[in-house]
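The values are calculated or read from the model by the stated rules, or taken from the named source; none is laboratory data. Note that the coordinates shown come from a computational prediction; the quantities given were computed from them, not determined experimentally. With ideal geometry, Cβ positions are generated from the backbone for all residues, glycine too; neighbour counts draw on all protein chains shown. Heads up: the accessible areas ignore ligands, DNA and RNA and are worked out on the full protein's heavy atoms, side chains in. Shrake-Rupley method; radii C 1.70, N 1.55, O 1.52, S 1.80 Å.
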Amino acid sequence: MRALLWFKQDLRLDDHPALQAALASNCLLPLYVLDPALLQFDEFGSRRIGVHRARFLLESLTALDSALRQRGSKLLVVSGKPEEVIAQLVGQFDMRQVITLDEIAPQERAVLARVREALGPVPLRTAQNNGLFSEAELPCPLDQLPTVYSQFRTLIDARQYVFQPQSAPEQLPPLPESLDISAYGLPTQSQLGLGDALSLVPSAFPFSGGETAALARLRDYLWDSQNVRTYKETRNGMIGSEYSSKFSPWLANGSLSPRRTAAELRRHESLYGANESTYWLWAELLWREFFRCTLQRYGQALFEPGGLRATERAPQQIDERFEQWAHGRTGMPLVDANMRELAATGYMSNRGRQVVASYLVSDLQQDWRHGAAWFEEHLIDYDPASNWGNWAYLAGVGSDPRLKRTFNALKQARQYDPQGEYVSLWIPELRNLPENLRHTPFLLQAQQLDAINYPRLERIPDSWQRHLNEVA
């Protein structure tokens, strides 16, 4: 049977259920479709993919093409609407089926539906998606899963899951004989209208996209450096590449299999013993799975103003304070430093994400969906379930019945950047200030702030008062 293998957010050959299903074909056409809709501005004024995500995507596609070539195949990259591109190629090369991974997010599921309709009698077959578990492997039906993460984790931990990821095949079925591979080259970032990403910046994620880089990082973190063994102690860091696993960008675009990650973590624990840190990495994988199950269960509701708790009131205003937040000009150094790091590198620490999201929603009273959309455009590890699920949780409109999570930004600064190292790294205006003022420049006189070209904080929250003496 002649098959078209449609890659989406699964840019790897290792542990790839759709690829495994396609191996029985006597002719295989691997395809990735660059949908121009990703580059258009949405209702929140953001694009679905920005300069850093585009760079990481193109690196990942280049790596995938190389891996396919080593196995006697090649990746076709075509720009256009998936339903039109795929239907045209199926007709041109007489493909008898299309195989791809399943989707859980509403927009992606809508694309699948349009492709299925465009194919007519040609079947579109979907394999297990990019989660740790298939729906059948969950301990109970999806609509009966706990809506609180800690309860979800307890339920999963009560079962001893064994992960058996399938290795990449050594050889692939041949391409169609009439295929002119020179007609399907990978576009450059400039051709996508996104320009080039900056490179000479101190990114906490100084890695390349693609499966080779992903597996190298997995090997280093779990086996060579074994930094996983101190993950719990370092995971709230904000400077450097080693404070956390950094697996998330590769997991997000599918260059790394979550099942491979879990299997290697279990293998590490069997050889070196489990500790709190190895468990906390497992717990982070379960957060990812929890948000995926939440999205799969509630669908479009997760993207609405009231989230999953439509009776709750979340701020829906948007004004100049959002722009100040987005561009790192709020006057709160820890928030501004994180937002500038995001703009310069496409990455931000987990601690930073919680702080800036809480600040936008709770302190600036801005619409949380605009923050989520800004992250979608800029984060190289953007994943719809984790991103929108976490924002809804912090805005108090997620599935968790507790009140929204509010972070005191000044307390966070004092706790996680006590010497002001991080804010000095990303806000050069503050480097010459005394260490005790780097988190509190709003205590300076107006003319002093003007002299260093740093914005004045509009209002000092009451909750900061008791921390001012400790920081200033």
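Summary table
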item: Tilt relative to the chain, helix 51-69 - C-alpha long axis, 0 to 90 degrees, to 10; result: 30 degrees
item: Sequence ranges 346-356, 438-448, 170-180, ranked by mean other-Cβ count within 10 angstrom, highest first; result: 346-356, 438-448, 170-180
item: Taking all pairs of distinct alpha-carbon atoms in the stretch 327-404, Kirkwood radius in angstrom; result: 12.5 Å
item: Rounded to 10°, Cα long-axis angle of helix 368-378 versus longest principal axis of the chain; result: 60 degrees
item: The chain, accessible surface, carbon-and-sulfur percent (1.4 angstrom probe); result: 48 percent
item: DSSP-defined beta bridges in the chain - what % are antiparallel, rounded to 5; result: 5 percent
item: Calculated on alpha-carbon atoms, Rg and Dmax of the chain in Å; result: 23.2, 75
item: Separation in nanometres of the label points that stand 7 Å from Cα toward Cβ, at residue 275 and residue 177; result: 6.1 nm
item: Selected from 124, 166, 187, residue furthest toward positive end of dipole (the stretch 106-249; charges at beta carbon); result: 166
item: Overall Cα dimensions of the stretch 318-469 - principal axes, largest extent first, Å; result: 44, 32, 29
item: Under 26 Å from the Cα of residue 232 - lysines, other chains or at least 8 residues apart; result: 246, 404, 411
item: Within-13-Å neighbourhood charge of residue 227 [Cβ basis; K, R +1; D, E -1]; result: +2
item: Label-point separation in nm, residue 236 to residue 142, each point 7 Å along Cα→Cβ; result: 3.6 nm
item: Aspartates and glutamates whose Cα lies under 19 Å from that of residue 81, excluding same-chain neighbours fewer than 8 positions away; result: 10, 35, 42, 102, 103, 108, 117
item: Probe 1.4 Å, protein heavy atoms only - accessible area per residue of the chain in square angstrom; result: 42 Å²
item: Cα-based convex hull, the stretch 1-146, per residue volume (Å³, whole number); result: 143 Å³
item: Beta bridge orientation in the stretch 1-129: antiparallel %, DSSP, nearest 5; result: 5 percent
item: Normalised convex hull volume, the stretch 197-331, alpha-carbon set, Å³ per residue; result: 173 Å³
item: Ratio of the Cα radius of gyration of the stretch 277-342 to 2.2 N^0.38 Å, where N counts its residues; result: 1.54
